[in-house]
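Heads up: the structure comes next, in structure tokens.
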Amino acid sequence: MRATRIASRAVPALAGAVLLALTVPVVAGVPIWGTGLLLAGIAYLALLWWLPWLWLWVLPLVTVALDLTPWTGWFLFSELDWFFLLTLCGSAMFGRYAKIRESAVWMTPDRWLLLAYLLLLFVAGPALPSLWQAPAVPAEDPYLTAGYGYKVLRGVAWGVLLAPLWLSLASAGHETARRHLLGGLCTAGLVLLLIVLWERGVLLQLSQAKPGLAGTALLDFSSSYRVTGLFSDMHTGGEVIDAVIVLLLAAALHAVITVRSPLMRTAGIAATAGLLYVTLVGFTRSTYASVALLLAAYPAWLLLAQRQRLGLSLASVMLASAAVPCALLAAYRLLGFLDAPGGLDAPSVLGAPGLWVFLVLPVLALLAGPVRSWPAGPWVLALLVLLVMPALLQVAGVIDDVGTAGTLAAIAAAVAALLSMQRLFVAAAGAPFVDRALVLLALLLVPASMATALVASQMDARMASVDRDYGTRLQHWRDVVSASDAPLGNIAGNGVGRFPLHYAEAWPLRRAKLATFTVVAAEDRHVLRLQGGRDLTVGQRIAVDSDALVLGLTLRGEPGSRLLVSLCQRNILDTGRRDRACSFAAVRPSTGEGNSRRVLRLPVPEGRLDAAGRPLLLGLRNMGAGSELDVWGLQALSGSGASVRNGNFAQGMQHWFFYTDLAHLPYHVKNLWLQAWFDTGWLGLLLLTGLVGVGLWRAHGAASRRPEEQFFMLGVLVVGILGLFGSPLDSARVSWLFYFFLAAVLLAPPAAGKDIQTAGDRE
């Protein structure tokens, strides 16, 4: 027995030490920041030994605020892996996995289900040699390499392996563990808000003492620019920031609704408000819908768990839960009906009569709250559906939204909102005054702000293109099914991370229309070969201290090739923003045996010479469709105050990264559940669906003992809803949170009789 205990500590500790020793030289080789990452890792490991809960703060912050890939070009292995490996290996070395051995011995059916799904994922993943090769920087499109499967799978591994550490912390002190968990997630939400404010230029204007311009940038809901945060995984589109918003927002709502600590509640309120703002300026329709669903589903789940104690009927719970979506629909239709869709632009929205008509409704609902006997019964639910149906049909474009039809639909939606909000105030009648004030504030501000963004010109245009975009997406899903090796008999899948390669092989003509790149050997040196096409830029982030970048180029190309060199002020995606700041130069290379040598002068875009400004990107793009162009070298000439790293491509794509602003479908399935089917087949789809269902059932049963499990599973569920039109789990920055939340519920010990509550909950 003693030997078993010693082995249970020694084996994980040895494995952690060996893996960490293998990782150190890889991290030391990270360009620019290798030494800094090693020093930060040493400090973090030392603090983790002293503070076992520290990872609950560090990992969410690293997820949203540390992404060096645009500078390093390290796409498959990055600083994210480093901090997760430090956490897992350090915990193993410190004996923290040994402490949970006893609880992990007993395999319940849901644990077997999770194990089966994980085995299927990794069997369908890349070959083991590619996992060891993953830290290398590919010399070609990494989506078409075996290592891409590693990039997709690593988030699953990180999340599942962290779940036992969380359960160990919770068993040692649930109150302390939950406080640190919520603190880390809410802080990450606030940091994400700051990053988005920087990205939209708000912080830049404030740093230059221009509050007026900062306010304009803050309330600009008409720009075509979509925020991405620092998430480099969005260089080919995707829903990374959207899924992170949903998962962090679930935690922030939990802090607001269920925690009584004033400090934690304040952090939750701030994080909720910040994440809602980030949602609004993302201009993503599926994210708007997912966030609205989350705002409705969380109160609904809490009311269902407490309805017997509160004396509420099921119909009353459903009515109260509909308050936020009904209020949002009413605000949207009132603003659209009274103020003409597309005609509003914040901050002028404050003078819109439709807004003020809506703001009266929550106050009336609060005043009607004491009338507890009205309304009640299932018939009121039927009435509610009838009231909102015309407005929903107008939003869907089925019926006209102007004239008498628009008037009646707006009035009916307002009545439905009043009805549902009144039931919510009835349900909250026994709550403290602060809670009821927060409910009123939420009903006033959340629907009004979301409706304002919806009627602004950018989102109004996005809503108008729903039919066209859905048709495009539906055709893409058909193409995904066709790209499978066995569309009907796809039992175990095509392999995790294999979709981009399968798509390229199934639709070679479509893929050929897209630009590609690779670093090849030519005449005893390396050159960057750019295949001409649409919408692909190979770029490097660069600092320029003068007013222009003077660039020397050596290149050779086929007839029809043309190199577009750009110097742009941009973050990750550039989807045609109005405030784009770029300078361009086009070069036609020599088509003979010799190379062309060119000198280009690219003026630095105005407004970037400030530390708070967006980074500069030096971009290379072959504009000649179907042609090949070789870049033999480029360097910044004297007087530029700049330096081009790896300009001779001797280190492959190190320091270089690529961006596709519009052509995203060849890289993503754009449906989480269809992706699960493509990667792991019918078996994997069935297992994943079963895991989510079991997790929801377990979380509902443990609501009083482990209340955080509610927001865990709501986050998972709403990411699944968001995933109906996206592939958020392509990114490890999303998938680790998704699988951490899911595994923390499934691996939790069966319910004991005694409730586990925090001191804050008892106050």
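We did not get these values from a lab; they are worked out from the coordinates using the rules stated. Quantities reported herein were computed from a predicted structural model and do not represent experimental measurements. Cβ sites come from the backbone with ideal geometry, for glycine too, and all protein chains shown count toward neighbours.
About its Cα centre, what dipole magnitude does segment 612-721 give when the only charges are +1 on Lys and Arg Cβ and -1 on Asp and Glu Cβ, stated in debye to the nearest 20?
340 debye
Note on the chain: Lys pairs 8 or more places apart or on different chains, Cα atoms under 28 Å apart, count 4.
Look at the alpha carbon pairs under 8 Å that are at least 6 residues apart: their mean separation over the length of segment 515-662 gives a relative contact order of 41 percent. Is the shape of segment 515-662 best called rounded, prolate or oblate, per the rule: a/c under 1.5 gives rounded, else a/b larger than b/c gives prolate, else oblate, with a ≥ b ≥ c the square roots of the Cα gyration tensor eigenvalues? It comes out prolate by the Cα gyration axes. What the Cα convex hull of segment 287-331 gives, in volume per residue, is 56 Å³. Secondary structure note: in the chain, about 90% of the DSSP beta bridges are antiparallel. Taken about its Cα centre, the chain carries a charge dipole of about 1140 debye when Lys and Arg each add +1 at the Cβ and Asp and Glu each add -1 at the Cβ. For the chain, C89, C186, C326 have no disulfide-compatible partner, since no other Cys C-beta lies under 4.7 Å from theirs. Summarising the amide proton neighbourhood of E239: residues at separation of 5 or more, or on other chains, whose placed amide H is nearer than 5 Å comprise S727.
Between the helical axis of 708-722 and the longest alpha-carbon principal axis of the chain there is an angle of about 60 degrees.
Compared with the dominant Cα axis of the chain, that is its longest principal axis, helix 433-455 is turned about 50°.
Considering the values [x] 178, 78, 54; [y] 97, 61, 61; [z] 88, 79, 58, which represents Cα extents along the principal axes in Å as calculated for the structure under consideration? Given [x] 178, 78, 54; [y] 97, 61, 61; [z] 88, 79, 58, the structure-derived one carries the label [z]. Helix 174-199 axis versus longest C-alpha principal axis of the chain: approximately 60°, rounded to the nearest ten. Between the residues T145, Q306, A217, the greatest Cα displacement towards the positive end of the dipole of the chain, with unit charges on the Cβ of Lys, Arg, Asp and Glu, is found for Q306. Rounded to the nearest Hz, the phi-derived 3J(HN,Hα) couplings of segment 240-257 under the Karplus curve 6.51 cos²θ - 1.76 cosθ + 1.60 (θ = phi - 60°) are 5, 5, 5, 5, 4, 4, 4, 5, 6, 5, 4, 5, 5, 5, 4, 5, 6, 8, where x marks glycine and proline.
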